[in-house]
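The values are calculated or read from the model by the stated rules, or taken from the named source; none is laboratory data. From a predicted model like this one, the values you see are computed outputs, not experimental measurements. Cβ atoms come from the backbone with ideal geometry, glycine included; neighbour counts cover every protein chain shown. Just so you know, the surface numbers come from the protein's heavy atoms only, side chains and all, with ligands and any DNA or RNA stripped out. Shrake-Rupley method; radii C 1.70, N 1.55, O 1.52, S 1.80 Å.
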Amino acid sequence: KAGVTQTPRYLIKTRGQQVTLSCSPISGHRSVSWYQQTPGQGLQFLFEYFSETQRNKGNFPGRFSGRQFSNSRSEMNVSTLELGDSALYLCASSLAPARNEQFFGPGTRLTVL
Amino acid sequence: TQLLEQSPQFLSIQEGENLTVYCNSSSVFSSLQWYRQEPGEGPVLLVTVVTGGEVKKLKRLTFQFGDARKDSSLHITAAQTGDTGLYLCAGAQAGNNRKLIWGLGTSLAVNP
């Protein structure tokens, strides 16, 4: 069974631009969660989707948004990028909502200049 | 507010040594998971503990869930260089709006 895939793996943007990251969960997994990871803050929960509905949301500004498609694939979007948005963005899939065991993708490394 | 405290934050040891890392909280969790993350990759699930007092072993790794389900420990016997990585614990909250609470991790370096 293929693992969680994330595209792109690396991304460089400038302040004010927007970015869309993509995540394909493990086949059969319907729950997708997104996290931001930085050295100082660790893993910060962004949001969780299950069956195309946002079930949980972390404490991030409205510039961060996401969605899930009927095939469980998910995208997250960050608008008006700031320098502080530079981070590793991780996607995790699970059979059911996020309190269950999660399987992570390799992440997208976003650098904002 | 960091609900899960992991200690130590950094640990550098020689191959063959034993070590224990801790994950502590004042909150009760319905289950707790341990992950290991290597540079440039996402975390990989090692184990889930569910019952208070539970002990699980994964080769040289021993995981224990506290009796009150507020804390957990990970003990590694005879560490190897392949054990190097960031060890993360995540607790599952009870209730309808359940989500995982993550610690900041323990960064372990095992030197040859």
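Among the residues of the stretch A:47-59, count how many are within 14 Å of another protein chain (Cβ to nearest Cβ) and open to solvent by less than 60 Å² (accessible area, probe 1.4 Å).
Residues in the stretch A:47-59 being within 14 Å of another protein chain (Cβ to nearest Cβ) and open to solvent by less than 60 Å² (accessible area, probe 1.4 Å): 6 in total.
Just wondering, is there one or more residues in the stretch B:67-86 that are within 10 Å of the chain's Cα centre (by Cα), at the interface with chain A (Cβ under 10 Å from one of its Cβ atoms) and at pLDDT 95 or above?
yes
Starting from the stretch A:100-113, keep only residues that are over 15 Å from residue A:8 (Cα atoms), then list their pairs with residues that are open to solvent by 60 Å² or more (accessible area, probe 1.4 Å) and modelled with pLDDT of 95 or more whose Cβ atoms are within a distance under 6 Å, requiring at least 6 positions of separation or different chains.
A:113/A:14
Identify the residue in the stretch B:8-46 that is open to solvent by 90 Å² or more (accessible area, probe 1.4 Å) and of a type in the set (Phe, Trp, Tyr) and, among all such residues, is nearest to the other protein chains (Cβ to nearest Cβ).
B:10
Is it true that some residue in the stretch B:88-101 is more than 16 Å from residue A:92 (Cβ to Cβ) and in a strand (DSSP E or B)?
no
Okay, residues lined up against (1) loosely packed, with under 13 Cβ neighbours inside 10 Å; (2) under 16 Å from residue B:102 (Cα atoms); (3) at pLDDT below 95:
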residue	(1), (2), (3)
A:1	yes, no, yes
A:30	no, no, yes
A:38	no, yes, yes
A:45	no, yes, yes
A:82	yes, no, no
A:91	no, yes, no
A:113	yes, no, no
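Out of (1) closer than 30 Å to residue A:9 by Cβ; (2) open to solvent by less than 20 Å² (accessible area, probe 1.4 Å), the odd one out for residue B:65 is which?
Every listed condition holds for residue B:65 apart from (1).
Looking at A:112, A:4, which one is more than 9 Å from every other protein chain (Cβ to nearest Cβ) and of a type in the set (Val, Ile, Thr)?
Step by step, each of A:112, A:4 is checked, and only A:112 is more than 9 Å from every other protein chain (Cβ to nearest Cβ) and of a type in the set (Val, Ile, Thr).
Filter the stretch A:61-80 for residues that are of a type in the set (Gly, Ala, Ser) and open to solvent by less than 60 Å² (accessible area, probe 1.4 Å); which is farthest from residue A:32 (Cα to Cα)?
Residue satisfying both the conditions and the ranking: A:79.
I'm trying to understand the selection: among the residues of the stretch A:4-28, which are under 14 Å from residue A:69 (Cα atoms) and open to solvent by 50 Å² or more (accessible area, probe 1.4 Å)?
Hits for the stretch A:4-28 are A:27, A:28.
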